[in-house]
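The values are calculated or read from the model by the stated rules, or taken from the named source; none is laboratory data. Computed from a predicted model, the values in this text were never measured in an experiment. Please note: Cβ atoms are built from the backbone with ideal geometry, for glycine as well, and neighbour counts cover all protein chains shown.
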Amino acid sequence: MKITRTSCVTGEERSRHIPITQEQVDAIRHLTDPAQVDAIVPNLTRADQWFLVLGITDYEWDALGAPVDEEC
């Protein structure tokens, strides 16, 4: 499924294809704790999980050089 998110780091909107169902997307939208994303989509890479939650791309992770606060 094509997922579009706005990065909480740069504010840029990006899309990527992620193997996820609409039900999973809806469940992630209702998370109160972003760290719980692994319980909903354990089959996804961390990069895909954090893109879903924070909109951050691999390039942004690399450029930051450090973990991003989940509240960003």
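Counting only residues that are part of a helix (DSSP H, G or I) and either more than 20 Å from Trp61 (Cα to Cα) or among the aliphatic types (A, V, I, L, M) (or both), segment 1-49 holds 13 of them. The single condition among (1) free of Cβ contacts under 8 Å to residues at least 12 places away in the same chain; (2) in contact with a strand residue (DSSP E or B) (Cβ under 7 Å, 6 or more places away or on another chain) that Ser15 does not satisfy is (1).
The residue list Thr10, Thr45 contains one member that is out of contact with any helix residue (DSSP H, G or I) (no Cβ under 7 Å at 6 or more places or on another chain) and surrounded by fewer than 16 Cβ atoms within 10 Å (Cβ to Cβ), which is Thr45. Of all residues in segment 30-46, those satisfying the criterion of being aliphatic (A, V, I, L, M), out of contact with any Asp or Glu (no Cβ under 8 Å at 6 or more places or on another chain) and modelled with pLDDT of 90 or more are Val37, Ala39, Ile40, Leu44.
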